[in-house]
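Accompanying notes for the structure given below.
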Amino acid sequence: MSKAIYAFSGDPITFGHLDIIQRAAKIFDHLIVAIGVNPDKKYLFSLTERTDLARQALTGLKNVEVVSFEGLLIDFAYEVGADVIVKGVRNPSDFEYEANLYHLGESQKLGIDTFILIARPQLAHISSSAAKEIQKDQGLIHEYVPLNVKQALENKVSGQSIVTITGEIGAGKSYVSQKFIELGKEQGIEVHHIDLDLTTRQIYQDLPQPKYKQIRDTIAHEFGVEVQNSDGTINRQVLGEKVFNDFNKLQRLNDIMHQPLLVRIRRELSGKQGLVLLNAALIVESQMTYLSNNHVCLVKADRETQLQRLKERQLSEAQIQRRLDSQYTFEEKLKSLKETIKIDQFGQAWVIDNSRTTSETSIKDQFNQIVTYFKLK
């Protein structure tokens, strides 16, 4: 049976590492992923943390074993009976470095060969150091690292544990978020609330930067000049009447707003430590639960409570129905979220029943579960 070792520091593991591991696992019967220690390097994560993150990310690869080691790799390979050391290279300098290590290993006369795998072009820019640097400025790293690693970096670098609060319109997402803030104060836990509806409103109306003015003009061009006020801001009510009647128009609006929203979310996240709540109605439908690493608190309410709340907003029955039709139902949101968690092999769903008769108990219970999950105490 062929046995190989792929060794790296894993501070932390990235999609570049994962690709090399997956390819090597198809070639060799048994692949040992070895997380090592370089005494000349300063690590963000401890050896145990690095090993655990790699082990979590590699769940499902049956012939892959994740271990940690210290000392010379060539000695470790000899002791575990490996025939080959797998190396991934991204560029000529990587190749030169690995070639030198190969010659050093050969000098030990242990008969262990080297197997080179070239990084895929679309992954060649990915590195552990790049992911850490991007996280320092709240950049997007979900295409650099698995979600379990993204969460660990957010916690270690930015001091953040992020949860999405979502649900149908009228379920009471903002109320739940406010109660979480109050419960956090009672328990000495810092809780921040980022309302993406408010963020959207700022893009429509307040933000003076040229790009946001351009976004407002684009919306007017796409949906008609009547959606734009004389001062250049967007009339949300008029725009809403247009897009909630037409799924394709709503999707087009979401496409226009996608990038500016991500930029503003990064701005909002900056400097916030503790539990961060992303209050967003359509985050499941938009397939953006990666922002909170698939950690989502789904808020529901019975139909009587939901309709009563919507009528209190002075919405007509026709307007209420259009808004309900433009979103997934609670059941559809939960089903989609569970499928995403299964695909990504990471995430957690909490359900809060925010009906008038059960609200307080359900909110407190789920908040405590979230606190325990993230080890916030």
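Read-outs throughout are calculated quantities, based only on the coordinates presented, and are distinct from any laboratory measurement. What you are looking at is a predicted structure, and each value in this text was computed from that prediction instead of being measured. Counting neighbours? That spans all protein chains shown, and the Cβs are built from the backbone with ideal geometry, glycine included.
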### Task
Obtain the nm distance between the two label points defined at L117 and S174 by a simple spin-label model: each point lies 7 Å from its Cα along the Cα-to-C-beta direction.
5.0
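For T59 and K377, calculate 0.36 nm times their separation in residues minus their Cα-Cα distance, and state this gained length in nm to one decimal.
Details: separation 318, 0.36 × 318 = 114.48 nm, distance 2.82 nm.
Separation in residues times 0.36 nm, less the Cα-Cα distance, equals 111.7 nm.
So, counting K/R as plus one and D/E as minus one, what does the shell of residues with Cβ under 13 Å around T340 add up to?
Details: positive: K333, K335, K338, K342; negative: E285, E332, E339, D344.
Result for the neighbourhood of T340: 0.
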### Summary
Note on region 131-374, DSSP bridge orientation, antiparallel percent to nearest 5 equals 5
#### Entry: Cut-off 10 Å between beta-carbons: net charge of the residues surrounding D195, Lys and Arg +1, Asp and Glu -1
0
### Task
Note the angle between two axes, namely the Cα long axis of helix 330-344 and the longest principal axis of the Cα atoms of the chain, as a number of degrees from 0 to 90, rounded to the nearest 10.
10
### Query
Which distance in nm do the two modelled labels at K342 and T233 give, with both placed 7 Å along the Cα-to-Cβ direction?
4.6
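I need the trypsin sites (Lys or Arg not before Pro) found in region 255-362, filtered to DSSP loop residues with at most 13 other beta carbons within 10 Å of theirs.
Numbers: sites: R264, R266, R267, K272, K300, R303, R309, K311, R313, R322, R323, K333, K335, K338, K342, R356; in loops: K272, R313, R356.
Answer in residue order: R313, R356.
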### Query
In the neighborhood of G184, defined by Cβ-to-Cβ distances under 12 Å, what is the net charge if each Lys or Arg adds +1 and each Asp or Glu adds -1?
+1
### Message
Give me the one-decimal nm value for the distance between modelled label points at L198 and D75, 7 Å along each residue's Cα-to-Cβ direction.
### Response
5.8
### Task
Relative to the longest principal axis of the C-alpha atoms of the chain, give the angle of the C-alpha long axis of helix 15-27, reported between 0 and 90° and rounded to the nearest 10°.
50
## Note on the structure
FRET efficiency (E360, V37; Cβ distance; R0 51 Å; to 0.05) is 0.55
### Chain lengthening between H221 and Q187 when straightened (0.36 nm per residue, less Cα-Cα)
7.3 nm
### Query
At a Förster distance of 56 Å, what's the computed FRET efficiency of E133 paired with Q314, Cβ-Cβ distance as r, to 0.05?
0.70
